[in-house]
Amino acid sequence: MNIIYKFEDYLKKEIKRIYPDIRDDDFFLNLELSPDTEEGDFGFGCFGIAKLLKKNPQDITENLSESISFPPYIEKVIKRGPYLNFIFDKRFLIEETVSGILKEGSLYGESKWGEGKRILMEYSSPNTNKPQHLGHIRNNLLGMTLSNLLEKAGCKVVKINLINDRGIHICKSMLAYKLWGNSKTPENTGKKGDNFVGDYYVMFEKKAKEDEKLIVQVQEMLKKWEEGDKETIELWKRMNSWVYEGFNETYKRLGAEFDKIYYESETYKLGKEIVLKGLEDSMCYKNDKGEIVIDLSEKGLGEKVLLRGDGTSIYITQDIGNAKLRFDEYDINSSIYIVASEQNYHFQVLFEVLRRFGFEWADQCYHLSYGMVYLPEGKMKSREGTVVDADNLMDELKFMAEAEVKKRARDIEGEQLENISEIIGLSALKFYVLKIHPSKDINFNPVESLSFEGDTGPYIQYTHARVSSLLRKSGMYGDDLAIFTKLGNKEEINIVKNLLNFPKILISSAENYNPSRLANYLLELAKRYNKFYHDHSVLNSGDEELTSGRVALSKSVGIVIKEGLRILGIVAPERM
RNA sequence: GCCCCAGUAGCUCAGUAGGAUAGAGCGACGGUUUCCUAAACCGUAGGUCACAGGUUCAAGUCCUGUCUGGGGUACCA
């Protein structure tokens with residue numbers, strides 16, 4: 001527990017002593033970085049307390065500043081209107097923080113915030129009729145990062161992928177292949193499996209515009225599939241296996257991992273059973289077309305088909321089944337769906353249906369809706385082939401990064417060059433996506449969006465590489481020798497205060513399901529360190545004790561950056 | 001039509017339970033390298049936080065309306 005938490009606890013006790021009417025849960029006390037360094041390191045506003053006591057905040061500030069007996073590490077208390085700011089004993093602040101981080105290492109920032117929270121996180125959830133594009137990248141990155149954040153905050157997380165491997169859309173690529181495939185395969189064409197299949201999906205959509213009969217044929221094919229027709233099933237298995245091979249490559253490169261993979265083909269029947277049971281219990285009804293429909297107009301959601309007239313299931317049918325399966329198979333108290341905002345309505349309907357059907361866990365389901373990714377020419381559409389392909393994008397970024405590495409580090413070559421270029425390219429992509437608030441739409445312009453300078457992943461990586469370089473050269477200055485007495489200039493203090501904030505940032509990022517907070521925090525930390533690095537010499541400071549302290553400070557910055565980037569799924573290189 | 005979401009600097013975005021003087025990066029202009037990684041650092045210009053009301057001691061943040069953009073409203077997922 002770092003000094004900020006300790007001091008917060010101390011303040012709470014003191015405030016309760018002074019105002020005995022205030023109870024534990026009555027108020028928050030959140031120490032924040034003071035805006036003006038001259039007037040405090042950390043501080044808080046007395047609005048909450050004032051409201052509770054129905055008094056003027058300024059009077060509270062006044063009273064508290066006089067009545068609290070402050071611990072010795074508080075050098076000065078500064079009142080500013082309704083705010084109470086504190087200036088810490090610098091030496092104490094620095095030593096506590098830096099030595100604490102050096103001791104904890106990558107464990108720094110772990111918390112018990114999430115104790116008892118058992119979360120199932122569904123993300124990725126691709127369809128097996130097309131390769132993944134930039135929208136899927138955003139989904140995968142959010143899922144991975146949020147899982148890391150929640151685990152860091154003390155939650156237990158199960159990561160699952162629900163693969164949409166069946167349905168009318170899958171039959172479209174199957175039919176196209178059956179009609180025009182000419183026994184081509186990914187192997188004999190040298191194409192990545194998911195791309196191979198995706199081409200047939202696009203081909204179908206094109207030809208279906210000219211030939212209406214194709215739609216009928218697809219419907220027949222789906223029916224056959226659900227009846228278990230041998231030939232259809234075989235084609236389906238064959239084509240899906242191609243897609244999975246392709247997906248696995250993409251996942252591996254992106255760093256996406258799952259504890260469990262569900263297939264819609266394995267769960268849609270359960271969904272059907274539940275719907276039919278609902279029909280028996282009069283939760284829904286059969287209309288004149290034979291469709292099973294639920295009326296949610298009371299909730300403003302209209303009427304919704306749950307099962308087709310021909311008995312085949314649709315999207316929501318399988319989602320109903322899978323929702324139940326998760327709670328049956330895992331001991332969880334929260335089920336999170338990371339799915340794009342275009343499906344907001346679908347999830348409103350789904351959760352409402354689950355409630356109506358009487359599942360007590362329905363309220364533990366949560367749709368984490370994230371914004372769409374747009375290209376300059378509009379929305380990406382797989383069926384029309386107007387997308388930014390995930391693999392191509394990663395290749396492109398790697399290629400760009402390679403050029404940058406070559407420019408700067410001539411001695412990096414061969415396999416090492418490959419690795420570093422990949423790491424830097426991915427970092428640019430991941431950071432670009434994650435620094436944007438999840439719920440916001442992204443306007444993606446490949447030329448303008450991705451860069452290696454400024455507020456980017458590589459900028460933070462670069463900061464880490466600088467620290468690593470210093471540490472390699474620091475020689476005799478080990479942790480044990482660290483002497484903090486000479487530290488205390490403005491740049492050093494700024495870094496330390498930032499480092500102190502890391503645990504809070506992690507919790508608020510996790511709590512709000514918002515990795516962009518962490519991303520922006522890391523930028524801030526890197527900026528402060530680069531400013532310090534520019535203004536002050538670490539190894540050539542001319543004073544052994546000073547150098548010792550600065551090396552230790554640098555090391556702690558390296559630890560926090562590395563751990564922060566890890567949570568974002570980004571590797572922090574030692575060199576670049 | 002109805003429902004949902006968004007609108008902050010030329011562009012891309014932050015802005016943490018309503019709280020301290022609205023912040024970055026890119027782009028523009030100007031500067032910094034015999035010295036630990038210049039993917040860096042510093043400075044200048046650029047804002048009626050879409051608009052109009054309202055609530056509040058306090059509004060970019062909450063409420064109402066308008067405008068603009070996006071998504072949804074399918075036997076697609």
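The values are calculated or read from the model by the stated rules, or taken from the named source; none is laboratory data. What you are looking at is a predicted structure, and each value in this text was computed from that prediction instead of being measured. Positions of Cβ are generated from backbone atoms using ideal geometry, with glycine treated the same way; all protein chains shown enter the neighbour counts.
Each residue in the range A:279-313 was checked for being acidic (Asp, Glu) and within 10 Å of RNA strand B (Cβ to nearest atom), and 4 of them qualify. Residues in the range A:544-571 that are of a type in the set (Gly, Ala, Ser) and within 11 Å of RNA strand B (Cβ to nearest atom): A:Ser554 only. Going through (1) over 18 Å from the mean Cα position of the chain (by Cα); (2) more than 11 Å from RNA strand B (Cβ to nearest atom) one by one, A:Arg528 falls short only on (2). Count of the range A:111-139 residues, restricted to those that are away from RNA strand B (no atom under 16 Å from the Cβ) and among the charged types (D, E, K, R), is 4.
Whether a residue is within 7 Å of RNA strand B (Cβ to nearest atom) and under 20 Å from the mean Cα position of the chain (by Cα) was assessed, and A:Tyr459 passes this test. Screening the range A:209-220 for residues that are within 12 Å of RNA strand B (Cβ to nearest atom) and in contact (Cβ under 8 Å) with a residue 12 or more places away in the chain and picking the one that is surrounded by the most Cβ atoms within 10 Å (Cβ to Cβ) gives A:Val218. Against the criterion of being part of a helix (DSSP H, G or I) and crowded, with 16+ Cβ neighbours inside 10 Å, A:Leu235 qualifies. Considering only residues in the range A:21-71 that are small (Gly, Ala, Ser) and either in a loop (DSSP other than H, G, I, E, B) or crowded, with 17+ Cβ neighbours inside 10 Å (or both), the one that is farthest from RNA strand B (Cβ to nearest atom) turns out to be A:Ser69. Restricting the range A:347-388 to residues that are under 27 Å from A:Met144 (Cβ atoms) and β-branched (Val, Ile, Thr), the residue that is farthest from the chain's Cα centre (by Cα) is A:Thr386. The lone criterion from (1) surrounded by 19 or more Cβ atoms within 10 Å (Cβ to Cβ); (2) in a loop (DSSP other than H, G, I, E, B); (3) in contact with a Lys or Arg (Cβ under 8 Å, 6 or more places away or on another chain) left unmet by A:Ala519 is number (2). Checked against the criterion of being more than 22 Å from A:Asp259 (Cβ to Cβ) and among the hydrophobic types (A, V, I, L, M, F, W, C), the range A:154-169 has at least one qualifying residue. Being surrounded by 15 or more Cβ atoms within 10 Å (Cβ to Cβ), in the same structural domain as A:His169 (by TED's automatic domain parsing) and in a helix (DSSP H, G or I) is a description that applies to A:Tyr251. Among the residues of the range A:107-116, is any outside the structural domain of A:Asn240 (by TED's automatic domain parsing) and outside any loop (DSSP other than H, G, I, E, B)? Among the residues of the range A:107-116, at least one is outside the structural domain of A:Asn240 (by TED's automatic domain parsing) and outside any loop (DSSP other than H, G, I, E, B), which makes the answer yes.
Can you tell me which residue among A:Leu141, A:Leu102 is touching a helix residue (DSSP H, G or I) at 6+ places or on another chain (Cβ under 6 Å), under 22 Å from A:Lys555 (Cβ atoms) and of a type in the set (A, V, I, L, M, F, W, C)? Result: A:Leu102 is the single residue among A:Leu141, A:Leu102 that is touching a helix residue (DSSP H, G or I) at 6+ places or on another chain (Cβ under 6 Å), under 22 Å from A:Lys555 (Cβ atoms) and of a type in the set (A, V, I, L, M, F, W, C). Scanning the range A:162-199 for residues that are of a type in the set (Ser, Thr, Tyr), in a helix (DSSP H, G or I) and free of Cβ contacts under 8 Å to residues at least 60 places away in the same chain turns up just one, A:Thr189. Of all residue pairs spaced 6 or more apart or on separate chains, those with beta-carbon atoms under 8 Å, a first member in the range A:83-94 that is farther than 22 Å from A:Ile49 by Cα and a second member that is among the charged types (D, E, K, R) and buried (at least 21 other Cβ atoms within 10 Å of the Cβ) are A:Phe88/A:Asp41; A:Leu93/A:Asp41; A:Ile94/A:Glu492. May I ask you to verify whether A:Glu329 is surrounded by fewer than 15 Cβ atoms within 10 Å (Cβ to Cβ), of a type in the set (D, E, K, R), over 30 Å from A:Val433 (Cα atoms) and out of contact with any Leu (no Cβ under 8 Å at 6 or more places or on another chain)? So A:Glu329 passes the test.
Filter the range A:78-110 for residues that are within 15 Å of RNA strand B (Cβ to nearest atom) and more than 21 Å from A:Glu492 (Cα to Cα); which is surrounded by the fewest Cβ atoms within 10 Å (Cβ to Cβ)? Top of the filtered list is A:Gly81.
The condition of being within 9 Å of RNA strand B (Cβ to nearest atom), surrounded by fewer than 16 Cβ atoms within 10 Å (Cβ to Cβ) and among the polar types (S, T, N, Q) holds for only one of A:Ser451, A:Ser468, A:Ser541, that being A:Ser451.
So how many residues does the range A:413-451 have that are within 21 Å of the chain's Cα centre (by Cα) and part of a loop (DSSP other than H, G, I, E, B)? Matching residues across the range A:413-451 total 10. Restricting attention to the range A:43-65, does a residue exist that is under 29 Å from A:Gly549 (Cα atoms) and out of contact with any strand residue (DSSP E or B) (no Cβ under 9 Å at 6 or more places or on another chain)? Within the range A:43-65, none of the residues are under 29 Å from A:Gly549 (Cα atoms) and out of contact with any strand residue (DSSP E or B) (no Cβ under 9 Å at 6 or more places or on another chain).
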